Amino acid sequence: MTTPSADLEHGDLELIGRIEVASNETFLASIDGIRVVYKPSEGERPLWDFPDGDLANREVAAYLVSQALGWNIVPRTWLRDGPLGPGMVQVWHDVDAEQDAVDVVPADAIPHGGWRLVFEGIDERERPVALIHEDSAVLRRMAVFDVIVNNADRKAGHILAMPDGHRFGVDHGLTFHVEHKLRTVLWGWEGDGLEADELDGIRRVRSGIAGDLGAALAALLSSDELDAFAARCDRMLARGRFPGPSGDMPAMPWPLF
Ligand SMILES: Nc1ncnc2c1ncn2[C@@H]1O[C@H](COP(=O)(O)OP(=O)(O)OP(=O)(O)O)[C@@H](O)[C@H]1O
Ligand SMILES: [Mg+2]
């Protein structure tokens, strides 16, 4: 994606346009011809349950964990200055509009293989429908990632379907809270045992907390948040399976897409 000559850290960041669906001030921009998402910290909408002005740090922390897992879940993400002040920047990846990792289908038309059922309900026209998602290794890894970073906002629209079958996760500002906040559409593996490579990934991250990964995260998160992150890794390793919903908070993001 990136050309060797592009200076993503210091090259001029030029705004292309505002991403209208986004509820925060989120822009499509370019640096040396590379398209990026730019979210100035000044544009962050205040939230009742997350500290002001640090969603950009959480997005970068999520990227660092994705790197430590080695699964390429989060597009390259970093902090830098821009025309609207400091914020986070993330490499843009064009989605394949023909593919959906998450879908709503009529309840009597759930595909047989390759999909997991999340729940069945009634749509706005009183028809029985089902929320389903792909049953793939790449999406399972994203679900593992979401548990350890405590992602409170895994909407369907935050899963980018790449033409080659890869899936990227985006919008990780609502992560790393000390309290349980997991809100996701990826519940389809609830209770299933983790694969060996998934456990290996979590172990890699867990051991990294004492080293370079922990040092980098300490600059972005509070020490309580870092401790809670380590505890979530330990818990998932001890249980060896996908958790189910727990606590009083809704287990699904809203809207779902
Ligand atoms: N790196 C990326 N590559 C391609 N598309 C992206 C990328 N990041 C975000 N998008 C697209 O832009 C939309 C808005 O981005 P994002 O969700 O991160 O912004 P936001 O301000 O948090 O918005 P909201 O609060 O509405 O969720 C995403 O739903 C996705 O469709
Ligand atoms: Mg979003």
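Every number in this text was worked out from the coordinates using simple rules, so none of it is lab data. Computed from a predicted model, the values in this text were never measured in an experiment. Cβ atoms come from the backbone with ideal geometry, glycine included; neighbour counts cover every protein chain shown.
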Tell me, what HN-Hα J-couplings in whole Hz come from the Karplus equation 6.51 cos²θ - 1.76 cosθ + 1.60 at θ = phi - 60° for each residue of the range 187-197, using x for Gly and Pro? 9, x, 10, 3, x, 6, x, 7, 6, 4, 5
Cβ-based charge dipole, the chain, positive-most Cα from 147, 50, 236: 236
Rounded to whole Hz and in sequence order, give me ³J(HN,Hα) for the range 59-72 from the Karplus expression 6.51 cos²θ - 1.76 cosθ + 1.60, θ = phi - 60°, writing x for Gly and Pro. 4, 5, 4, 4, 4, 5, 5, 4, 5, 5, 5, x, 10, 6
J(HN,Hα) series, the range 26-35, from Karplus relation 6.51 cos²θ - 1.76 cosθ + 1.60, nearest Hz, glycine and proline x: 10, 10, 8, 9, 9, 10, 6, x, 8, 7
State to the nearest 20 debye the size of the charge dipole of the chain about its Cα centre, where the only charges are +1 on K and R beta carbons and -1 on D and E beta carbons. 560
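In what sequence, highest mean first, do 35-47, 223-235 appear when ranked by Cβ atoms within 10 angstrom? Numbers along the way, then the final one.
Details: 35-47: 17.7, 223-235: 15.7.
Per-residue Cβ counts within 10 Å, averaged per peptide and sorted highest first, yield 35-47, 223-235.
Helix-only mean residue ellipticity at 222 nm, the chain, DSSP H runs n ≥ 4 weighted -39,500 (n - 2.57), per residue, nearest 500. What is it? Don't jump to the answer; show the numbers that get you there.
Values: 5 runs with 65 residues, N = 257.
Only helices count here, giving -8000 deg cm²/dmol.
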Environment charge of residue 211, counting only residues whose C-beta is closer than 14 Å and scoring Lys/Arg +1, Asp/Glu -1: +2
Counting only Cα, what are the radius of gyration and maximum Cα-Cα distance Dmax of the range 146-257, in Å? 14.3, 39
Taking H as built 1.01 Å from N, whose amide H comes closer than 5 Å to the amide H of residue 115, not counting residues under 5 places away? 135
Normalise the Cα radius of gyration of the range 1-95 by 2.2 N^0.38 Å (N = residues in it) and let me know the number. 1.06
Report, in whole Å, the centroid distance computed from the Cα atoms of the range 1-62 and the range 165-233. 22
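Starting from the alpha-carbon convex hull of the chain, give the projected area averaged over all orientations, in nm². Display every interim value, and only then the final one.
Working: hull surface 58.2 nm².
Averaged projected area of the chain's Cα convex hull equals 14.5 nm².
I need to check one value: relative contact order of the chain, counting alpha carbon pairs closer than 8 Å and at least 6 residues apart, in percent. Show your work: numbers first, answer last.
Working: 453 pairs, mean separation 43.9, N = 257.
Worked out over the chain, it gives 17 percent.
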Just to be sure I understand: with springs between alpha-carbon atoms less than 10 Å apart, which residue in 101, 152, 137 has the highest mean-square fluctuation in the Gaussian network model of the chain? 137
